[in-house]
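Remarks on the structure that follows.
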Amino acid sequence: MRTGKRTDSDISSSGGGTARPSASGTAITALLTAAMALSMMQLFLIGALGPRLVGELGLSRTELGLTTTVGFGVAALLSPVAGRLVDRAGPRRCLVALFLLVAVSLGLVGAASGTAALLAAVGLGGLPQALANPATNKLILARVPPERRAGVTGWKQSGVQFGAFAAGLPLSVLAAAIGWREAVWTAAGLAAVAAWGIGVLPPDRTALATVPDTGRPVVWRRAVVVRLALYSLLLGCGIASVNTYLALFGSQRVGLSPTVAAVLVAVLGVAGIGGRVVWSRTAGRPGRGEALPALLAAGAVGAALTLCAAVGVPVLVWVAAVAVGSFAVAANAVSMVLVIRQAAPGRAGRDSALVSAGFFAGFAAGPPLFGVLVSTAGYGPGWLLVAAEFAGAAAVALPMALRGARVAERSRT
């Protein structure tokens, strides 16, 4: 017999009006995807427009990496607070705040006249990054039926890669035509429109903010969440280094023009979209999810080694961009599927925030380390560092894969 208030999952599957939300599943998925795309837009814009920023603002490669450190450092520090805020205030209100903060921060990025102003703008952009995963995961638990959650999670996580594609192709082309500042301000306008679009979602309900823990065993689930946070830390170090420096690598070492080099980011983004959707659906199947993080991180090691080989064989940079998107970027989406599945009752926002904090800390630490190493030793050792980070992530995830295999074996006997 169950007593007490409803859990996050119960809200979506019980009565009380939430089983039939006024917003369609497509509208919810589209808004979640937009939230993830815009929350990370500044990362991809700075990476894709890196050659232009280095030229106009006089940034060094280390300073370019520092912009990522500041933004994601703020996101990592504020993620625990953001998780509690989402659990208490509800995801709809937090998504409105997310879009408005993105609009303001991108507007300030476009107005930056030097390194200090740019760092301040991307620091503000860390706030919506901290809100993104807790708010979107909480909304999925509250509004999406259990059988559709893995698929919706894959699409919403692919929103990050839609952002990469937008930064690497249409916005980069727009920057070449009318200027990089105007391109960034265009993205800010899209965020403002998305804030208005939140009106299609039903209001947050009190039950979302007042769900206590139940008597269900949660120790093993908490252990998985902590392991995923460490996994995300190492994964984030490598992904952020690729995101920040891929276009600059293409321009400086492969001989691509700034516009064509930015297309590398778009290619990575398209591959990431496919990878996140496909692998997230796979992770939603019984017995599959726990094995995927280690396997995808191992594939990411191969992608990083391909980037290292591209120092001598430039055409491999395109193969590497596809591989990073298909494996490394997709791995983050799989981890979020597992977070939603393992989240303790009433703690969806906080558990999502813990894993996000690890990922953001990796994004903060990875690029400056990569930038310093490249400045002193070249891109080859830099990509080897990325391979080592992905290998560490695979090692962290391996016990989870082995445990999943044992559980699956026991269920068959």
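Only the coordinates and a few stated rules stand behind these numbers; no lab work does. As the structure is a prediction and not an experimental result, all values here were calculated from the model. Glycine also receives a Cβ, built like all others from the backbone with ideal geometry; neighbour counts cover every protein chain displayed.
To the nearest 20 debye, what is the magnitude of the charge dipole of the chain about its Cα centre, counting +1 on the Cβ of each Lys and Arg and -1 on the Cβ of each Asp and Glu?
1520
Let me check I have the definition right: for the range 102-166, take the eigenvalues of the Cα gyration tensor, multiply each by 5, take square roots. What are those semi-axes in whole Å, largest first?
Those come to 31, 13, 7 Å.
Roughly how tilted is helix 258-283, in degrees to the nearest 10 and between 0 and 90, from the longest Cα axis of the chain?
Rounded to the nearest ten degrees, it is 20.
Looking at I178, V104, Q157, which one has the Cα that reaches farthest to the positive end of the dipole of the chain (charges on Cβ: Lys, Arg +1; Asp, Glu -1)?
Value: Q157.
Put +1 on the Cβ of every Lys and Arg and -1 on every Asp and Glu Cβ in the chain; which of S257, V355, V339 then has its Cα farthest towards the positive end of the dipole?
Ranked along the dipole, the leading option is V339.
Given 0.36 nm per residue, what is the gain on full extension from A388 to R222 after removing their alpha carbon distance, in nm?
Using 0.36 nm per residue and subtracting the Cα-Cα distance, I get 57.1 nm.
Please report the base-10 log of the normalised intensity I(q)/I(0) for the range 22-412, using a Debye sum with one equal scatterer per alpha carbon and no solvent, at each q in 0.13 (1/Å).
The calculated log intensity ratios at q = 0.13 Å⁻¹ are -0.98.
Apply the Karplus curve 6.51 cos²θ - 1.76 cosθ + 1.60, θ = phi - 60°, to the phi angles in the range 310-320 and return the couplings in whole Hz, x for Gly and Pro.
Once rounded to whole Hz, the list reads 5, 4, x, 10, x, 4, 5, 4, 6, 4, 5.
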